[in-house]
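FYI, it's all coordinate maths here, none of it is from the lab. Keep in mind the model is a prediction, meaning the values are calculated, not measured. Reconstructed Cβ throughout: ideal geometry from the backbone, glycine too, with neighbour counts over all protein chains shown.
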Amino acid sequence: MKHRTTAILTTLALTLSPILGACGSLSVPVAESRSDISTGDRPMTNEDLKWWQDTIAYEIYVKSFKDSDGDGYGDINGIISELDHLKRLGVGAIWLTPCYVSPQADNGYDIADYYNIDPSYGTMEDMDRLIEEAGKLNIRIIMDLVFNHTSDQNEWFLESASSKDNSKSDWYVWADPREDGSAPTNWRSFFGGSSWEYCESRGQYYLHTFLKEQPDLNWENPEVRKALCDVANFWVKKGVGGFRMDAITYIKKPAEFKDGTPDAGDGLVGIHSMTANTAGILDYLNEFKHTVQDGTDIFTVGEANGVSSKDLPDWVGENGVFDMVFEFGFVDIDLPDESNWCATRAWTLPDFKSIFTASEKTTSQPEINGWYPMFLENHDQPRSISHFLPEGADRVSGGKALGTLLLTMRGTPFLMEGEELGYVNVSWPSIDDYNDISTKNHYKFAIEEGYSEEEALAGVHRFARDSARTPMQWDSSENAGFTEGKPWLPVYDDYKTVNVDSEMADPDSVLNWYIKLSELRSAHRELVDGRYEELFHDDEKIFAYIRENASRKAIVLINFSTESASFDTSVVENAELLISTNDKSQKGTLAPLEAVIYEEVIVSL
């Protein structure tokens, strides 16, 4: 129970004064004027937190981060050379996109050898050195485990495909043709076309959720599950800090392969609706958890497409299969059909807020004791400034606003490389300018569905994965300091001003705002361990919420619009302004895209 007795507060203020510093005077809680949506009955304490809950994670698209040898491709030694940049941001975990041996049909997500590093990225000795050098800075390496499928050049698949009678015959998902020789079902892969590919040597089709070069593994086979656990344990022994589990909701296939209702003119149905989260998947993932994670301090985060907030108790927390899961309700908020980038839908800020709050509310329930991986971007998503803010939004103000959301929500923030610089989507004039095979297939699908080239290209500009994969911009020199050679993907044309060196020199840059927020999280612990409570849910301009622990309360208000927005000042009546993106900030009014954080000190008795 919170008491507002002045005498008690005066006495306690003297006791707490050493920890207040520049945060302002001890103040009483605000009146009851909050949303009825809150999360958690009890704030966590620092003693409750595991290392991965008390840090910032950063995704590196290895191919695009830093090239050390001039071949135009990022590599492991390039990452080592820029560890100081990550330390400055407060990063404690680096998620590496796959850097294993791969034919690169899907930029490394088609793995031919889980036990070795692709020569284009370096050697295993380089990886050992990265783990060691990052460790000196208290940064741990998170590996991307692609376990739904392998490359069709993986020795496991080569043997499986060679005949119906070999030691790995049942390691992949095989099915006989229909009587007319056609594919077993009408499932469409994520990248377009049938999810089945015919194999002459077996006279059967194999399933591929993604590209035909990415055959799906058969998790029904215990030998497959053991082999994958062996891979993970190999990397645990190497000293990595955890795993991101790619496309994990597709590993369990239905007992019977049946046609679905076509959802487009091609007569096919998206495979997601036919295989995602099939009953029994949690048994497999629990087996993985106990075989790999028990007795370690690593964390796991699953790419859990299709997992809703109501499903989270089985997926995260003390009884869940992962420590965290990436769910995609908010990133797909304007995309009703993953296969059709042209069929967008309108959404409101309350819609957006509801998705976060539902997940926060579920994961923080005491019986779950789960944790949230807060992200707005990754290597498969468009840049958040282009995605979630109004057209024409200022890049700097917008980048700071979204950065505030990312670094003050409850959970472990996951930054995508370049996000801290305020990257926006590329808008290249021709589909031929794009590298990503998924983007090209989405463009082709749109044309086949009757959209014009202009409409199809507009969809590409909104959602192309290349926008998240352009090379990191380090300085204003040729190729932005990424490489001395020809970059594998063009550097974006804003690199002269949007780069690490330029933004470090500019105190008002997006990068320096991220650094300030990182420092703020360290100094004001309620931004790390505090409960979350949404405010002003129906407001269509402002995303506002409270982060509160036993001693302090932060009130975060972010204007998502390009217009001024007013708010009820009672929520900050007894609070002091900690930080604002606007040096002329006014209580009660937010400038376009302004973000502010207030704080009041409270005492719980």
Length gained when the stretch ASP294-ASP176 is fully extended (0.36 nm per residue, less Cα-Cα span): 38.5 nm
Pair SER430, LEU137: separation of 7 Å Cα→Cβ label points (nm): 4.0 nm
Charge dipole magnitude, Cβ of K and R +1, D and E -1 - region 149-214, Cα centre, debye nearest 20: 180 debye
Neighbour-count order for HIS290, HIS537, fewest beta carbons within 10 angstrom listed first: HIS290, HIS537
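Taking the number of other C-beta atoms within 10 Å as the exposure measure, put ARG345, ARG410, ARG531 in order starting with the fewest.
ARG345, ARG531, ARG410
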Scattering curve values for region 365-490, log₁₀ I(q)/I(0), Debye with Cα scatterers, q = 0.21 Å⁻¹: -1.21
Karplus 3J(HN,Hα) series, Hz, for region 570-585 with 6.51 cos²θ - 1.76 cosθ + 1.60 (x for Gly, Pro): 4, 6, 10, 4, 10, 10, 10, 6, 8, 7, 8, 7, 10, 6, 10, 4
Distant-in-sequence amide H partners of LEU268 (H built 1.01 Å from N, under 5 Å): ASP263
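How big is the dipole moment of region 482-577 about its Cα centre under a simple scheme where the beta carbon of each Lys and Arg is +1, that of each Asp and Glu is -1, and everything else is neutral? Debye, nearest 20, please.
Working: 10 positive and 20 negative charges, 81 e Å.
That gives a dipole near 380 debye.
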Under Karplus coefficients 6.51, -1.76 and 1.60, residue-wise ³J(HN,Hα) of region 247-263 in Hz, glycine/proline x: 6, 6, 6, 9, 5, 9, 9, x, 5, 10, 8, 10, 5, x, 6, x, 10
Rough spin-label spacing in nm, given labels placed 7 Å along Cα→Cβ, for MET124 and LYS444: 3.7 nm
Cα-only radius of gyration and Dmax that characterise region 125-257, units Å: 17.5, 61
Crossing angle, helix 395-408 versus the chain [Cα axis fit, 0-90 degrees, rounded to tens]: 90 degrees
Histogram of C-alpha separations across region 454-603, 5 Å bin width, %: 2, 9, 13, 14, 14, 14, 12, 10, 7, 3, 1, 0
Relative packing of 139-147, 194-202, 66-74, which averages over residues the other C-beta atoms within 10 Å, highest first: 139-147, 66-74, 194-202
Table column - 3J(HN,Hα) (Hz), region 141-147, Karplus curve with 6.51, -1.76, 1.60, x for Gly and Pro: 9, 10, 8, 8, 9, 9, 10
Net charge dipole size for the chain [Lys, Arg +1 and Asp, Glu -1 on Cβ; Debye, nearest 20]: 1780 debye
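Based on the mean of other Cβ atoms within 10 Å per residue, sort peptides 309-315, 369-375 so the most packed one is first.
369-375, 309-315
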Dipole axis of the chain (+1 Lys, Arg; -1 Asp, Glu on Cβ), positive-most option in ILE602, SER201, TRP174: ILE602
0 to 90° range, to nearest 10: angle between helix 6-20 axis and the chain longest Cα axis: 50 degrees
Sequence of THR344, THR470 once ranked by neighbouring C-beta atoms within 10 Å, starting from the fewest: THR344, THR470
Cα-Cα P(r), the chain, percent of pairs per 20 Å interval: 19, 53, 24, 3, 0
